[in-house]
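Reviewing the structure listed below.
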Amino acid sequence: MKRSIQVTMWSMAAAALLVAPVMAQQVKIGVVDYGRLMEESAQAKAVQDVLRGEFAPKNTQLQQEQATLKAREEKLQKDGATMSADQRSKSEKELRDGVRELARKQSEAQDDFNARRQEEMTRLQRTLIEEVRTYAKAQNFDVIIAEGVIYATPAVDITPAILTALQARPARPTASAPKPPAKP
């Protein structure tokens, strides 16, 4: 027990000796609101535009299919009383199959969108991190904190400066976006 107290005391003394030189020099700390960069940067807006443009035709097609199914359902409800049992049964089955097929297509489209969005967000995150690092090195920051900050004064918040630096960079769409298939 006495031995562990001695080890603890020596450890604390050694830590104090190591921290003293660091405390003697001025440490320059900056804070970045990473969420704000992800929302407000021109690069983030370009990613959103690319994804919107890439998936808009598929969304339009799915909406048209949904409207067609709704019209068929309304027609079945309206004409169902005058149809024969076989016709009504056949129409109901076709409608159910159409609804199932539409749900499958919507699920696939959502999965495709999520995968592409994840690719683009990963690429965007790399760009933002690199810009923060470049800025921090150029401005001689020792530490940049991005996550877990509960409060920071505007004096240490470098988010506006990073946004300005990002504005100076081209907000080009990514080159990896797949080309839409040619219309036959």
Phi to ³J(HN,Hα) by Karplus 6.51 cos²θ - 1.76 cosθ + 1.60 over region 32-47, Hz, x for Gly, Pro: 10, 8, 4, x, 5, 4, 5, 9, 9, 6, 4, 5, 5, 5, 5, 4
Cα-based Lys pair tally, region 29-168, threshold under 28 Å, eight or more apart or on separate chains: 19
V31 long-range amide H proximity, modeled H, under 5 Å: I145, D157, I158
Label-to-label distance, nm, for residues given as D111 and R123 (7 Å Cα→Cβ offset): 2.3 nm
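Round to the nearest 0.05 the FRET efficiency obtained for E65 and K45 when R0 = 35 Å and r is the Cβ-Cβ distance. Don't skip to the answer; put the middle values down first.
Working: r = 30 Å, r/R0 = 0.86.
Taking R0 as 35 Å, the efficiency between E65 and K45 is 0.70.
Here, each number is a calculation from the coordinates, and none is a lab measurement. Everything numeric in this text was worked out from a predicted model, so none of it was measured. Here Cβ is always computed from backbone atoms with ideal geometry, including for glycine, and neighbour counts include all displayed protein chains.
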